[in-house]
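Each remark here refers to the structure printed beneath this line.
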């Protein structure tokens, strides 16, 4: 193969990065153009270099490997071929094989690495590449549609990965009537005693559920907790702001200001700037 594959390595462990670099030196068509220590650096490298291939650690502080791929897709960046690098054992990785994903176990094995690179070379020269990326996006969509930490824990414990779906409609019963509120129209939900107030652009509905119950039925790719008593729709956040007294708040698309508690501040900020 004459064309060199521009390659990015992403791992928060220096020894893991170095070990992979050393093994890749035997493959002359691999051109390592960047090494990243976290998910944010990985996104910047993909944006700057548009690499052909990325070796992506799954478990990293901040953005994990799944979230990096999700962010690449959401930001409209060119999606490279992805090889997940992980410490999960063979049994747990069956979850990825179902989706025909490439992965390497730490520490990288020379023979397994060679097999993976052969598969990558074949895929890049055929329509298999498009199929690979489609399945990758579907896998990441499945995983990030759930609690990522829960998914990772299931894999780590050799448990089956539980993939759940979320309803497009929230059924709200009030005075003998049931209103079907499209989930996409919900701006935010806040607690009022034993009830939840579901706010849309045009109305507010009263729902008798707990925050925990709502978090189980709302897609976390779209909704996030900003306060002990508030869940917001990321699609309607206009601004994330800080005050001189150290407090934080969100400005929603309708101008409503919602307080962000310190315990949720980092997660909310990451979701807004991603």
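The values are calculated or read from the model by the stated rules, or taken from the named source; none is laboratory data. Computed from a predicted structure; not experimentally measured. Neighbour counts run over all protein chains shown; Cβ positions are idealised from the backbone, glycine included.
Of the residues that make up the stretch 244-255, is at least one closer than 23 Å to residue 203 by Cβ and surrounded by 20 or more Cβ atoms within 10 Å (Cβ to Cβ)? Yes, the stretch 244-255 contains at least one residue that is closer than 23 Å to residue 203 by Cβ and surrounded by 20 or more Cβ atoms within 10 Å (Cβ to Cβ).
Checking the conditions here, which among 44, 70 is at pLDDT below 85 and in a helix (DSSP H, G or I)?
70
Taking the stretch 1-11 as the range and being modelled with pLDDT of 95 or more and either surrounded by fewer than 19 Cβ atoms within 10 Å (Cβ to Cβ) or under 20 Å from residue 75 (Cβ atoms) (or both) as the test, the residues that pass are 6, 8, 10. Just checking, does the stretch 192-203 include any residue being assigned to a helix (DSSP H, G or I) and either modelled with pLDDT of 90 or more or loosely packed, with under 12 Cβ neighbours inside 10 Å (or both)? For the stretch 192-203, residues assigned to a helix (DSSP H, G or I) and either modelled with pLDDT of 90 or more or loosely packed, with under 12 Cβ neighbours inside 10 Å (or both): absent. Scanning the stretch 79-121 for residues that are modelled with pLDDT of 80 or more and in a helix (DSSP H, G or I) yields 110, 111, 112, 113, 114, 115, 116, 117, 118, 119, 120, 121.
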